[in-house]
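The values are calculated or read from the model by the stated rules, or taken from the named source; none is laboratory data. All values derive from a computational prediction rather than experimental measurement. Here the Cβ positions follow ideal geometry from the backbone for every residue, glycine too, while neighbour counts run over all protein chains shown. Please note that ligands, DNA and RNA were not included when accessible areas were found on the heavy atoms of the full protein model with its side chains. Shrake-Rupley method; radii C 1.70, N 1.55, O 1.52, S 1.80 Å.
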Amino acid sequence: MDLNYSAEEEAFRQEVRTFLKEKFPQDIGDKTRAGKRYSNVDNGRWQAALYANGWDVPSWPVEHGGTNWTPVQADIFDEECFAVGAPRMVPFGTRLVGPVITNFGSDAQKKKYLPAIRNGDHFWCQGFSEPGAGSDLASLKTRAVLDGDEWVVNGQKTWTSSAQYANWIFCLVRTNTEVKNQEGISFLLIDMATPGVTVRPIVLISGEAPVNEVFLEDVRVPKENLVGEVDMGWTYAKFLLGNERTGIAGVGAGKADLVELKRIARVERKNGKPMIEDPLFQARLSRLEIDLKALELTNMRMLSEVGDGNPGAFASMLKIRGSELQQRFSELQMEATGAYALPWQQGPLEADWNGKAVGPDHAAPRAPLYYDRRKTTIYGGSTEVQKNIITKSLLGL
Amino acid sequence: MDFGYSEEQVLFSNSLQKLLSDSYNVDVRRALVEDGPGYSEDVWKAFAEMGLLALPFPEDMGGFDGTSVDTMVVAIELGRHLALEPYVPTVVMAGSALKLAGSDAQKTDLIAKIISGDLKMAVALTEPGSRFDMADVTTRAVANGDDYIISGSKSVVLGGDLADKIIVSVRTSGDTRSEDGLTLFIVDANADGVSRETYSLLDGRGGADIHLENVRVPASAVLGTLDQAWSVMEHVADQASAALCAESLGAFEKVNELTLEYLKVREQFGRPIGKFQVLQHHMADMVIEYEHARSLVCQSSMKADSEDAAERGKAVSSTKVYLGEGGHKSCQSAIQLHGGIGMTAEYELGDFVKRMAISEVLFGDVDHHLVRFGKLSYLD
Ligand SMILES: Cc1cc2nc3c(=O)[nH]c(=O)nc-3n(C[C@H](O)[C@H](O)[C@H](O)COP(=O)(O)OP(=O)(O)OC[C@H]3O[C@@H](n4cnc5c(N)ncnc54)[C@H](O)[C@@H]3O)c2cc1C
């Protein structure tokens, strides 16, 4: 056993640090630390910086721009990015639909879509969930019927993140109603500018509207936009959802949260002393830091013991614990802020705000972030669904 | 023992319920918060007509001699209906401060105006750097002839946005963080030198930070005894906490109702999600928490009038701790059990959850009240 990174891994970490120091836009990091919201332009600038360095699509095959990083390298990269306050990469193009296209797409699709993801021409969103199909995704009803050379699509998607920015959406659609739910689904790429596509924002309890309803009404999609084979979409979707090996646990993000939490606890005062010296608070903080370490080590164990045990169930464990930690960080940050977390302040979260916020600088983002983070145990397979996976596939219950 | 409502309490609980369901719904409330004054003057006037604003005051002042249990009955409905009116700051907080410490002249003048609905008040006990320690007061008053001149800042004052008069805790002697040397002053919200930073809180109710810069008040503005305000401040904060916990309980009841209903109607995998045992158990936990919280809310309301500071403080801190943990966790479960719908602002669940968050934090969070309970119980 050895808890240390190898010399090569340490060298790689240095390389990443140098890159970030030189190329990561500092003002975006400032926004992160101030808890402000990113604009889509910010995401684009960050993506462009990565692209210029050949690091925008690390998980892709090398011939399409991938880096061939080991899982540990990918993890180091994530951690260093979060440490400087880089935004979580919008995953839809680079991490989700990209790999589906590289694995199952036609040559024409690879040629058309892959470069466009990388250079930012295509901004993707994910049209899987529907009002009636959340955890039970396979029950989805959005229908695609072939009419000549086109699929005609009717139905509704919901919870579609970033649809307000996206110009392409990858959808699961029902192409066969005669077979079992999972066997009649296809994977379709739709240009959002096609007539019949309507996007309506959904405001969340955080005050933000990051998700949308997407209505599809007689949307005519060229036949060649179907990925792989007709009725095989469920297989591709499972590949897409299980493709994420690294980053599930969110260790890098957790470390950045911990830094912020300690910063707040040094500024806030209790009984005439910095909050961080309060024994009750220390106990909560310690517990969280220990849990984060356990997560980090478990994540490393999973990455280094590939093939050992059941990776599917392991991924579920990391998702469950990682999402809970994300919630607890935002919770303790809010708690540390005390009564100044109670004023509902949306203005200061906007980048161009120049008013005066109520309370200390760190106060305004606390409640919105706390409420926003409730999503982490719901999306990407809810905690309950992940536990079902563990009990079935690992424990055989 | 009797945990039931009296006949009278049933009556005014029912009429308040009726008033609030007739005058409030999601849209009305949100319009008041987003485009309006943050409360309904009509509802406030209706409270006055129903006698709710007179409830805790002595009969010889036009009141009904009500107890904190009566206040609880009201507060539960305010929470259940997410009423925005400044009942707790005006009637419960300023009301009890006046009852406990007011001179005859102050009582005659101010209580009558509260009862008629013509006066809104707030009580400002915490400061930007004090966290929940009400003894940590840096706002100062210095005597100047027959007057006092006050300077300092007060933070997150519930109802501070609407108040016509604000009762402010001020250091008149002693060291910062000393319980001795504190004095309450009644300050006109529009007096020279008073400025307010007003805002909506998470749940849409209004609050304010209040800045006092060389505010001149006459000696008659002193509420109670000079330098000796601490016990009154503690009692007022306990009354406020008891009432806010009762509000929270009302909201909690709605959180559970909404969630139970959703478990029955939402279907996934061909059945109502309420058929999944793990969700059933979460729901059962929420009900268990609710019932125990209810018992403690009854206790703290029965003790909130007590002059025995330790007995009263322990009861109130117990409820704050219990709801702060059990209610908090139940709110998280409620959102979780709803899935994505629980995340949406349009759905009402979040409004109840946020109402409970206010009660959890104002006048001390879980840690604060754990320590306070410990001090009151194990040290003497
Ligand atoms: C902020 C946010 C962003 C999202 N972004 C996207 C996106 O970009 N694209 C997209 O397609 N989708 C997106 N989603 C949707 C997300 O994947 C779904 O919310 C998720 O699948 C849960 O579905 P649901 O909301 O319908 O909840 P439901 O499935 O109705 O779940 C309700 C409750 O029932 C529980 N439950 C369900 N089935 C079981 C079971 N078998 N056993 C035990 N408990 C069960 C759940 O755990 C949950 O507690 C997003 C959601 C959110 C909140």
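In region B:266-289 there is at least one residue matching the filter, namely being without any contact (Cβ under 8 Å) to a residue 24 or more places away in the chain, open to solvent by 40 Å² or more (accessible area, probe 1.4 Å), away from chain A (no Cβ under 14 Å) and more than 15 Å from the ligand (Cβ to nearest atom).
Okay, residues lined up against (1) open to solvent by 10 Å² or more (accessible area, probe 1.4 Å); (2) modelled with pLDDT of 95 or more; (3) among the hydrophobic types (A, V, I, L, M, F, W, C):
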| position | (1), (2), (3) |
| --- | --- |
| B:Pro56 | yes, yes, no |
| B:Glu77 | no, yes, no |
| B:His81 | yes, yes, no |
| B:Leu84 | no, yes, yes |
| B:Tyr87 | no, yes, no |
| B:Ser103 | yes, yes, no |
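With respect to the stated conditions, B:Val73 is among the β-branched types (Val, Ile, Thr) and either over 28 Å from A:Trp344 (Cα atoms) or open to solvent by less than 40 Å² (accessible area, probe 1.4 Å) (or both).
For region A:349-397, the set of residues classified as away from the ligand (no atom under 16 Å from the Cβ), in a loop (DSSP other than H, G, I, E, B) and among the aliphatic types (A, V, I, L, M) consists of A:Ala351, A:Ala357, A:Val358, A:Ala363, A:Ala364, listed by residue number. Is there a residue in region A:278-289 that is buried (at least 17 other Cβ atoms within 10 Å of the Cβ) and under 17 Å from the mean Cα position of the chain (by Cα)? No, the conditions are met nowhere in region A:278-289.
Pairing residues of region B:338-352 that are within 18 Å of B:Leu82 (Cα to Cα) and assigned to a loop (DSSP other than H, G, I, E, B) with residues that are polar (S, T, N, Q) and within 13 Å of the ligand (Cβ to nearest atom), at Cβ distances under 9 Å and at least 6 apart in sequence or on separate chains, gives B:Ala345/A:Ser206.
When each of B:Gly95, B:Gly129 is tested for being at negative phi and within 14 Å of chain A (Cβ to nearest Cβ), the lone residue that passes is B:Gly129.
Within region B:353-369, the set of residues being of a type in the set (Asp, Glu) and either within 14 Å of the ligand (Cβ to nearest atom) or not in a helix (DSSP H, G or I) (or both) comprises just one member, B:Asp365. Taken over region A:172-205, the residue count meeting the criterion of being in contact (Cβ under 8 Å) with a residue 12 or more places away in the chain and within 14 Å of another protein chain (Cβ to nearest Cβ) is 7.
Listed here are the strands (runs of 3 or more DSSP E) enclosed by region A:58-167 that have at least 3 residues being within 16 Å of the ligand (Cβ to nearest atom): A:124-127, A:150-157.
Of all residues in region B:113-131, those satisfying the criterion of being surrounded by fewer than 22 Cβ atoms within 10 Å (Cβ to Cβ) and in contact with a helix residue (DSSP H, G or I) (Cβ under 7 Å, 6 or more places away or on another chain) are B:Ser116, B:Gly117, B:Leu119.
Within region B:329-340, does at least one residue satisfy the condition of being away from the ligand (no atom under 16 Å from the Cβ) and touching a Phe, Trp or Tyr at 6+ places or on another chain (Cβ under 6 Å)? Please lay out each step first, then the result.
The initial filter retains those residues of region B:329-340 that are away from the ligand (no atom under 16 Å from the Cβ), namely none.
No: region B:329-340 contains no residue that is away from the ligand (no atom under 16 Å from the Cβ) and touching a Phe, Trp or Tyr at 6+ places or on another chain (Cβ under 6 Å).
The residue that is nearest to the chain's Cα centre (by Cα), among those in region B:161-184 that are closer than 18 Å to B:Ser151 by Cβ and within 14 Å of another protein chain (Cβ to nearest Cβ), is B:Thr176.
Among the criteria (1) within 13 Å of chain B (Cβ to nearest Cβ); (2) open to solvent by 20 Å² or more (accessible area, probe 1.4 Å), the one A:Leu394 does not fulfil is (1). The one condition from (1) surrounded by 14 or more Cβ atoms within 10 Å (Cβ to Cβ); (2) over 25 Å from A:Ala249 (Cβ atoms) that A:Asp30 does not meet is (1).
Quick check: anything in region A:330-337 modelled with pLDDT under 95 and part of a helix (DSSP H, G or I)? No, that holds for no residue. Given the condition more than 30 Å from B:Ser306 (Cα to Cα) and β-branched (Val, Ile, Thr), answer yes or no: does some residue in region B:184-192 qualify? No.
So that you can scan it fast, the table gives a plain yes or no per residue for (1) more than 10 Å from chain A (Cβ to nearest Cβ); (2) surrounded by fewer than 18 Cβ atoms within 10 Å (Cβ to Cβ):
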{"site": "B:Lys329", "(1), (2)": "yes, yes"}
{"site": "B:Gln336", "(1), (2)": "no, no"}
{"site": "B:Phe352", "(1), (2)": "yes, no"}
{"site": "B:Arg355", "(1), (2)": "yes, no"}
{"site": "B:Val366", "(1), (2)": "no, no"}
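Out of the residues in region A:170-184 that are in a strand (DSSP E or B) and in contact with a Ser or Thr (Cβ under 7 Å, 6 or more places away or on another chain), which is most open to solvent (accessible area, probe 1.4 Å)? Across region A:170-184, the extreme among qualifying residues is A:Arg174. Looking only at residues of region A:331-372 that are more than 10 Å from every other protein chain (Cβ to nearest Cβ) and closer than 16 Å to B:Val353 by Cα, we find that the one that is most open to solvent (accessible area, probe 1.4 Å) is A:Leu369. Aromatic (Phe, Trp, Tyr) and over 30 Å from A:Gly29 (Cα atoms): does that describe A:Phe104? Yes: the conditions hold for A:Phe104.
Out of A:Thr142, A:Thr158, one residue alone is under 26 Å from A:Ala209 (Cβ atoms) and more than 22 Å from the chain's Cα centre (by Cα). It is A:Thr142. Being in a loop (DSSP other than H, G, I, E, B) and not hydrophobic (A, V, I, L, M, F, W, C) is the filter here; which residues of region A:237-279 pass it? If the condition is that a residue be in a loop (DSSP other than H, G, I, E, B) and not hydrophobic (A, V, I, L, M, F, W, C), then A:Asn243, A:Glu244, A:Arg245, A:Thr246, A:Gly247, A:Gly250, A:Glu268, A:Asn271, A:Gly272, A:Asp278 are the ones that fit.
Of the residues B:Ser200, B:Ser153, the single one that is open to solvent by 10 Å² or more (accessible area, probe 1.4 Å), in a strand (DSSP E or B), free of Cβ contacts under 8 Å to residues at least 60 places away in the same chain and closer than 26 Å to B:Val366 by Cα is B:Ser153. When you check B:Thr259 against the structure, is it buried (at least 24 other Cβ atoms within 10 Å of the Cβ) and over 23 Å from the mean Cα position of the chain (by Cα), yes or no? Yes; evaluated as a whole, the condition is true for this residue. Candidates are the residues of region A:227-253 that are more than 25 Å from A:Asn68 (Cα to Cα) and buried (at least 20 other Cβ atoms within 10 Å of the Cβ); the one that is farthest from the other protein chains (Cβ to nearest Cβ) is A:Gly233.
The number of residues in region A:245-281 being over 21 Å from A:Lys293 (Cα atoms) and touching a residue at least 24 places away in the same chain (Cβ under 8 Å) comes to 3.
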